[in-house]
Amino acid sequence: MKYFLCLIAAFVAVIVGSVPAYAQTAPDAAQLQKISQACQRQQVNLRSLQKRDTILRINRGRLYDMSQRQTGAFVARLQANNITDSPIMQLDLDFRTTFLQFKVDYDQYAEYLEQAIGIDCAAKPAEFYSLLLRATDARKKVGADVTKLRDQTNQYITELVKLRDTKYEEH
C-alpha cells in the first residue's frame, strides 16, 4: 500500500506541480498536458501494482475466511456450552461485518484501478487524474479495513485469554 501511495503521490506531484497530490480541484491545461505526456508510463506501473494487489487480496481473503470459519466454530461451541455473555460473540460479528466491508472496498478500488489502466489517458488526462484520486481514496479505505481487521483479531485473542483465565479460575 505504501508503494502505491508513494507512486501515485510522486506521479501526481510531478505532473501537477503545486497542486497537492490529493486535491480535488481539476488540473489546469498545463498540468493536463504533463499528465497526458507521462500517463502511459504510469499505466505500466499501475498494471504491476494491480498484479501485486490481486495476489495480496487473494491471500488476505483466504486468511480472513479461514479466521471466520474458526471463530464461527468457536462461537458455536461457546453457545453450546451456554456461554453467551462473552465479548467474543460481538467481536466475531464485528469481524464478519468488517470483512464484508473489506470485500466491497477492495472491489471498488480494483474497479477504479482497472479503469485508470484501461483509459486512453493521453486523450483523457483529466479523467485519468480523477480515477487516480478515486483509486487512492478507495485504497486508503481498504487499508483502514485491514487495520481494523487486525485490531479486531488482536481484541479477539485478548478476550480468548480472558475467557480462558476466567474459566480456569472457576474450576
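Coordinate-derived values only; no laboratory data. The shown structure was predicted, so the numbers you read here are calculated from the model rather than taken from an experiment. Methodologically, a virtual Cβ is constructed for each residue, glycine included, from the backbone with ideal geometry; neighbour enumeration extends over all protein chains shown.
Observations on the model:
- Here the Karplus curve 6.51 cos²θ - 1.76 cosθ + 1.60, taken at θ = phi - 60°, turns the phi angles of segment 60-73 into couplings of 5, x, 5, 4, 5, 5, 4, 4, 4, 4, 5, 5, x, 5 Hz, with x standing for Gly and Pro.
- For the pair Leu100 and Gln33, label points projected 7 Å from Cα toward Cβ lie 5.1 nm apart.
- Cα convex hull volume per residue for segment 59-137 (Å³): 77 Å³
- Net charge of the neighbourhood of Glu127, taken over other residues with C-beta under 15 Å away and scored Lys/Arg +1, Asp/Glu -1, is -1.
- Between Ala73 and Thr147, the modelled labels are 3.3 nm apart [label points 7 Å from Cα along Cα→Cβ].
- Modelled this way, with points 7 Å down the Cα-to-C-beta line, the labels at Lys140 and Asp65 are 3.0 nm from one another.
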